[in-house]
1. For residues that are closer than 20 Å to residue 271 by Cα and without any contact (Cβ under 8 Å) to a residue 24 or more places away in the chain, tally how many sit in region 182-206.
2. Residues that are more than 30 Å from residue 710 (Cα to Cα), at least 1 per element: which strands (runs of 3 or more DSSP E) completely within region 617-664 meet that?
3. Can you spot a residue in region 597-609 that is small (Gly, Ala, Ser), part of a strand (DSSP E or B) and surrounded by 20 or more Cβ atoms within 10 Å (Cβ to Cβ)?
4. Answer yes or no as to whether residue 151 is open to solvent by 30 Å² or more (accessible area, probe 1.4 Å), β-branched (Val, Ile, Thr) and in the same structural domain as residue 281 (by TED's automatic domain parsing).
5. Go through (1) open to solvent by 40 Å² or more (accessible area, probe 1.4 Å); (2) within 30 Å of residue 538 (Cβ to Cβ); (3) not aromatic (Phe, Trp, Tyr) one by one and return the number of the condition residue 176 breaks.
6. Residues in region 418-452 that are touching a residue at least 12 places away in the same chain (Cβ under 8 Å), part of a helix (DSSP H, G or I) and within 21 Å of residue 765 (Cα to Cα): how many?
7. Just to be sure before I move on: is residue 349 open to solvent by less than 30 Å² (accessible area, probe 1.4 Å), assigned to a helix (DSSP H, G or I) and in contact with a Ser or Thr (Cβ under 9 Å, 6 or more places away or on another chain) in the structure I sent?
8. Determine whether region 637-650 contains at least one residue that is open to solvent by 30 Å² or more (accessible area, probe 1.4 Å), free of Cβ contacts under 8 Å to residues at least 12 places away in the same chain and either charged (D, E, K, R) or over 15 Å from residue 528 (Cα atoms) (or both).
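The values are calculated or read from the model by the stated rules, or taken from the named source; none is laboratory data. Model, not experiment: these values are computed from the prediction. Glycine also receives a Cβ, built like all others from the backbone with ideal geometry; neighbour counts cover every protein chain displayed. In case anyone asks, the SASA skips ligands and DNA or RNA and just uses the protein heavy atoms, side chains included. Shrake-Rupley method; radii C 1.70, N 1.55, O 1.52, S 1.80 Å.
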Amino acid sequence: MGDRTHLWKRIYDRLLSLYPAEFRDEYGKEMVTDFDERMRTESPLSLWPRILVDLAITAPKEHMDMLMQDLRYAYRSLRHAPVFAGVITLTLALGIGANTAIFSVVHAVLLRGLPYRDSAKLAIIWSPNRLLNIGLDELPTSAGDFYDWQTQSRSFSEMAAFRGRPFNLSGTGDTPIRVNAITASGDFFRLFGISPALGRPFTREEDSPGKRQVAVLSNALWRRQFGADPNIIGKSIQLNGETHTVIGVMPREMRFPQGAELPAFYGFAAQPDVWVPFGFSPEERRNRGTHNILVVARLRPDESLAQAQSEIEALQAHIASEHSDGSRGWGAHVVSLREQSTGGAKHTLLVLLAAVSLVLLIACANVANLLLARASARRKEIAVRQALGASRVRLVRQLLTESVVLSFGGGLAGLLLAAGLTRAIVLLSPPGIPRIEQIAINGWVLAFSACLSVVTGVLFGLVPAFHISRVAVADSLKQGGGRGSVSSGDTARRLFIVGEVTLAVMLLIGAGLLVRSFIRVLGVEPGFEPGSTLVMEVGLPPAKYRDPSQQSAFFDRALARLRNIPGVQTVGAVSSLPLTNNESLDTLSVEGQPQRPGQALLCDTRLTGGAYFEAMGIPLFHGRLLTLADQMNTLPVAVVNETLARQIFPDRDPIGQRMKFGDAGGKQPWMTIVGIVGDVRNTSIEQKPRPQIYMPYHQAPTAFLNIVLRTAVAPATLTGAVRREIATLDPDQAVANIRTMEQVVSAAVATRRFITLLLTLFAVLALLLSTIGLYGVVSYTVARRTGEMGLRMALGATRGRLLGMIVGQGLRLTLVGIARGLGGAAVLKKLLESLLFGVNALDPWSFGGAILALLVVTALGCFLPARRAANTDPLKALRQE
């Protein structure tokens with residue numbers, strides 16, 4: 001710690017040395033003493049910003065006058081070179097603007113705290129099961145285990161459970177609407193510490209069967225559906241056919257749980273619309289066989305996450321030993337809410353931040369090259385100032401002032417670019433990025449942009465400033481502008497170009513890998529035909545359709561009416577659509593096959609009806625499909641996919657074989673396999689299909705189905721007709737989420753498309769900046785060697801030979817940068833591996849494409865100035881020298 005303090009002290013002394021001697025004598029001792037005291041009590045991160053402000057405020061008038069003089073001189077100097085200043089400003093605007101836009105996303109998603117009381121103490125508790133080999137740890141818990149945790153845990157001060165359910169909201173307009181409801185335990189709102197904007201939250205007493213008909217509205221639903229009515233408290237609304245009294249409206253910041261904060265396969269909506277209490281009965285609170293609720297908890301102030309994890313693990317082990325029938329194998333895993341809400345997007349955003357930082361470094365190298373070229377042209381001016389008594393520190397400060405002025409201009413232009421780019425990112429962003437609605441150019445983003453501008457100005461200005469301040473006064477005054485001489489800055493310019501090419505290669509390879517992965521994803525067969533298909537969700541309210549026969553009858557009538565709409569070819573229904581990341585996993589027993597301990601057969605179960613397979617274009621390979629003849633009073637049947645047939649029946653015909661859910665000796669009925677259909681990518685395009693069973697909804701009635709229509713006309717044109725037919729059956733029934741299957745497929749690849757698009761944009765920008773930089777260096781070199789070119793041509797050199805020599809020099813720099821970039825690409829392997837699909841991290845096509853693109857573009861950048869030099873009249877060139 002002492003060494004670090006000594007280092008900070010040396011930096012502080014160095015800052016003081018920049019001030020005049022009389023200032024140091026008058027204020028120095030007092031400030032150094034104050035610095036020593038503050039270093040003992042504060043961290044450098046909190047101390048240094050205030051130190052810099054103190055130095056600026058207490059600076060003597062002479063120092064401030066000198067700074068103002070430098071600023072006026074920088075303005076006059078740049079005003080006489082508008083093209084030069086404009087090129088640098090535009091280059092920096094691209095780099096700073098892109099970085100500011102990405103930082104606005106990173107700040108909103110990763111850095112900004114959650115809007116809840118002491119949010120660092122909030123955590124999600126998952127229930128992994130070591131006996132289920134499904135590759136998932138983020139599993140829900142049972143009501144019985146949750147209430148035991150709530151009453152017996154000592155590491156958590158508060159604990160609440162919740163789950164998502166779509167509700168029909170009726171009686172508030174002409175047509176019913178679907179709302180995203182969260183059912184939760186009585187402590188839910190108290191745990192977050194957010195007070196309602198109106199009214200109050202529900203309590204433990206209202207979380208009971210007889211008192212649960214209360215509702216708390218989200219701010220968005222209150223404004224959208226009720227016109228922000230200030231008298232909404234106490235009014236009644238219809239949710240799923242049951243009357244609920246509105247007791248509260250939450251503020252805007254209360255949006256938990258958002259869909260992006262939790263695993264996609266739970267199907268939570270982007271934002272909740274309404275919260276209602278569970279209202280569990282005593283029997284439901286003791287249920288340990290059904291794992292369908294999620295748990296959020298608040299750690300005690302003196303408890304760490306690790307301590308809570310140890311305690312909840314031991315508690316769950318004790319519960320499992322006491323209730324082996326329902327809790328055996330189920331564990332407990334604690335994850336901070338912040339980590340849970342950002343984990344899915346964190347890696348993607350860090351990759352984008354790294355990429356855009358490389359773009360800024362390339363921009364800085366470009367600007368440094370331009371400043372080096374301009375500094376060489378100002379050698380005589382700098383020599384005259386030195387001869388008149390200007391010190392080296394004075395010259396460096398003046399040149400750095402010009403750099404910072406340019407960087408601030410670039411920063412202001414970059415902010416305008418960032419504003420547009422930020423809006424584009426919000427519009428293009430996939431649903432998997434949490435808190436996307438909070439992305440904006442706020443105070444923190446403005447401070448980041450300002451700091452970035454200063455750091456950038458110093459970064460690209462240091463090398464030119466120190467280079468030109470070392471000029472030999474006598475030699476510079478003798479030279480007539482420097483033509484025909486080799487500047488010592490040429491080496492620095494070449495190094496900058498090599499560095500630009502190195503970074504550009506890395507970005508191009510990364511973009512190439514992601515583009516290749518995206519193409520592979522688009523080439524995957526999903527197992528169905530998405531074209532000309534319209535889908536929608538229909539959820540029946542349990543209060544109105546309590547009997548399973550009522551539910552089946554409604555869907556039968558709905559499918560029949562929709563089939564008669566002009567333009568509709570076939571109609572079917574399914575419990576979960578493909579590519580929506582929704583799975584219903586069940587353990588499976590096969591007749592005649594003993595189940596090995598700890599190796600349960602897992603399958604994804606879907607309920608279907610009507611002509612679902614025909615409507616989706618899923619092929620039948622063997623046997624028959626499910627029909628209307630498969631009713632509740634007939635033999636239980638099922639259709640399986642290829643993966644299940646191949647995995648469970650590798651050496652015999654699956655048709656006629658029998659299976660059941662759960663243990664072979666359990667109460668579930670045996671199902672007979674009657675058909676085998678093609679595999680469908682249900683979870684995502686990038687995940688291989690699981691074993692899957694399709695059952696008729698008549699034999700397992702459900703209140704929720706997705707209806708699928710294959711049409712002979714544009715699917716979107718039938719939306720109104722579909723709503724009218726459902727309203728004819730039940731005026732209070734909502735039809736939600738109407739979209740085409742092509743939109744479902746597009747949403748499934750949205751995240752990959754988003755990161756591929758942005759990284760490709762940054763790679764193209766890096767390629768452009770690198771090419772411009774190389775063009776500038778070659779042009780500058782050719783201009784300074786005009787006499788040499790004329791002499792070579794006078795001695796017999798052909799235009800082709802001169803052209804090849806100049807282009808060859810530029811390509812040699814490019815090849816050196818490419819070689820280093822290929823070495824740096826090894827860093828990309830670990831960074832990008834998790835984002836690749838079907839492509840090796842060392843894919844030769846991506847590497848080759850990046851190299852070829854750089855060679856072609858940089859060859860063009862070298863060719864233009866080379867052709868100009870090759871067309872030079874040797875006599876004019878020699879006279880000019």
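1. Within region 182-206, residues that are closer than 20 Å to residue 271 by Cα and without any contact (Cβ under 8 Å) to a residue 24 or more places away in the chain number 0.
2. So the answer is 658-661.
3. yes
4. yes
5. The one condition residue 176 does not meet is (1).
6. Final tally of qualifying residues: 9.
7. So residue 349 fits the description; yes.
8. yes
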